[in-house]
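Structure, as structure tokens:
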Amino acid sequence: MSLLVVGISHHTAPLPLLERMAMDVDAARAAALDLLDTENVEESVVLATCNRLEVYAEVGAFHGGVADVGSLLAQRAGVPLTALTDHLYVHYADRAVAHLFTVASGLDSMAVGEAQVLGQVRSALRRAQGDGTAGRALDPLLQHALRVGKRAHAETTLDAAGPSLVEAGLARSGHVVGPLAGARVLVVGAGSMSSLAATTVARLGPASLTVANRTPDRARRVAEPIGASWTALDDAALLPVLAAADVVVTCTGAVGYVLGVEQVAAARAARAGDGAVAAPQLLVDLGLPRDVDPKVATLAGVHVVDLDDLGHDLAGSAVGDGVEHARSIVAEEVTSWLASQRAAAVGPTVAALRAHAGEVVAAEVSRLRQRLGGDLDERTRAEVEKTVHRVVEKLLHRPTVRVKTLAAAENGAAYAEALRELFDLDPGEVASVTDVLSSMDSPGGGTR
């Protein structure tokens, strides 16, 4: 078994294709569960963000795993697998671990250094834990990735490496409507990205700030702590605030456009008043799929910025020691994780060696009892048996400790293999026996 990553992101695909691939929480959960029904996938976690979709899977075979994951992604997107091939990236084993740690640290994000992806990784893991799609392999790996991400942000200046998506979008306002201080702003959506946008805008001192959401109570929870107003996301309630807004930021995760041409045109007419020319408006669309119909950009005075535009704005913006320091932390953590996994992998071989030694000791002690019969009293017999056990333990202690240390090296598997060959060991057999005994000890598992 080994780790496989199959994904598509802003690095490899145009925005229209990313839209086709986008998954909400329910779709991501369903995909992770469906993958467990395929031939090669044993565990799966689906990470879906505003500019990436990735499947982390523990697979039995590389090519079979890639085929299973690729086919499912194509099926759910409703596109032929051949149309995805040039846009998918694949990482396996060590490279997959490195990619995960890089993603969790924000180093692979469109806005390099952003910390929001850490929460998205956490949410993906929690879903997988709840649904049972992450087990012995993926659960500890993703938990470690979360620690790597936290460390990268805590120990570096990564947070200041470059502007966030929200900041990059809001920066466009200066060219369209002037400074945000004193502007009227509408934030559509109440998720994490929308909350970040509302908080960022509030710090800049707008003339007004309104949060709109299909569930008004969720809009209220975002708006109240920052002193903003809120409204429902329906045509009647939205029209006046949309008409008044100089800047609109959207990120809802909805399927289908939230702001269409007719809605925005009606708001433009209301904004213009009697015979006047409507003041310009900036619409920053952070949604994937997009919240704003691209045709809205054809309306006079309306400037639409989407993730594609922001990707160009942010290209090459992350510089400085913070990013390099974070990358060194990721490299260090990858090395540490792989070493720990190699050391853990030798465990069954060590257990098999000790089990083999235990069998030899038991056989020799039994033979000693038969030969000596009643010539030894019980106390003497017990001391002899203890001595034999101690001798074997001392003989095994140094080589077993040493092989665990050596196993952490890149070629460490060779030492475990040497032990298996020298002593004709079968670690799988020992593991099977252990599993059986454990199940017998557990409630409902039977008795010995």
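Miscellaneous remarks
- Search result, residues across segment 155-214 that are of a type in the set (D, E, K, R) and under 28 Å from the mean Cα position of the chain (by Cα): Glu155, Asp159, Glu167, Arg214
- In the set (1) in contact (Cβ under 8 Å) with a residue 40 or more places away in the chain; (2) in contact with a strand residue (DSSP E or B) (Cβ under 8 Å, 6 or more places away or on another chain), Ala237 fails one condition alone, (1).
- Listed by first and then second residue, the pairs with beta-carbon distance under 7 Å, at least 6 apart or on different chains, first residue in segment 144-158 and more than 16 Å from Gln116 (Cβ to Cβ) and of a type in the set (Ser, Thr, Tyr), second assigned to a helix (DSSP H, G or I) and open to solvent by 10 Å² or more (accessible area, probe 1.4 Å), are Thr156/His325; Thr157/Asp321.
- Some residue of segment 160-170 being in a helix (DSSP H, G or I), at pLDDT 90 or above and open to solvent by 30 Å² or more (accessible area, probe 1.4 Å): no
- If you filter segment 179-227 down to residues that are basic (Lys, Arg) and farther than 19 Å from Pro240 by Cβ, you find that the one that is surrounded by the fewest Cβ atoms within 10 Å (Cβ to Cβ) is Arg203.
- Residue within segment 112-125 that is of a type in the set (A, V, I, L, M, F, W, C) and over 23 Å from Glu43 (Cα atoms) present: yes
Residues checked against (1) closer than 19 Å to Val292 by Cβ; (2) of a type in the set (Ser, Thr, Tyr); (3) in a loop (DSSP other than H, G, I, E, B):
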{"position": "Arg122", "(1), (2), (3)": "no, no, no"}
{"position": "Arg126", "(1), (2), (3)": "no, no, no"}
{"position": "Asp139", "(1), (2), (3)": "no, no, no"}
{"position": "Ala145", "(1), (2), (3)": "no, no, no"}
{"position": "Leu186", "(1), (2), (3)": "yes, no, no"}
{"position": "Ala190", "(1), (2), (3)": "yes, no, yes"}
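- Number of residues in segment 361-404 that are within 17 Å of Ala339 (Cα to Cα) and modelled with pLDDT of 70 or more: the value is 3.
- Residue selected from segment 327-345 under the condition under 13 Å from Leu100 (Cβ atoms) and touching an Asp or Glu at 6+ places or on another chain (Cβ under 8 Å), by the criterion modelled with the lowest pLDDT: Leu338
- As a summary of the residue check, Asp86 satisfies the conditions (1) closer than 25 Å to Glu333 by Cβ; (2) in a loop (DSSP other than H, G, I, E, B); (3) open to solvent by 30 Å² or more (accessible area, probe 1.4 Å) except for the one numbered (1).
- Any hit, segment 5-28, residues being modelled with pLDDT of 95 or more, in contact with a Phe, Trp or Tyr (Cβ under 6 Å, 6 or more places away or on another chain) and over 11 Å from Leu73 (Cα atoms): yes
The values are calculated or read from the model by the stated rules, or taken from the named source; none is laboratory data. Note that the structure is a prediction, hence the values are computed from the model and not measured. Here Cβ is always computed from backbone atoms with ideal geometry, including for glycine, and neighbour counts include all displayed protein chains. Note: areas computed on protein heavy atoms with side chains; ligands, DNA, RNA excluded. Shrake-Rupley method; radii C 1.70, N 1.55, O 1.52, S 1.80 Å.
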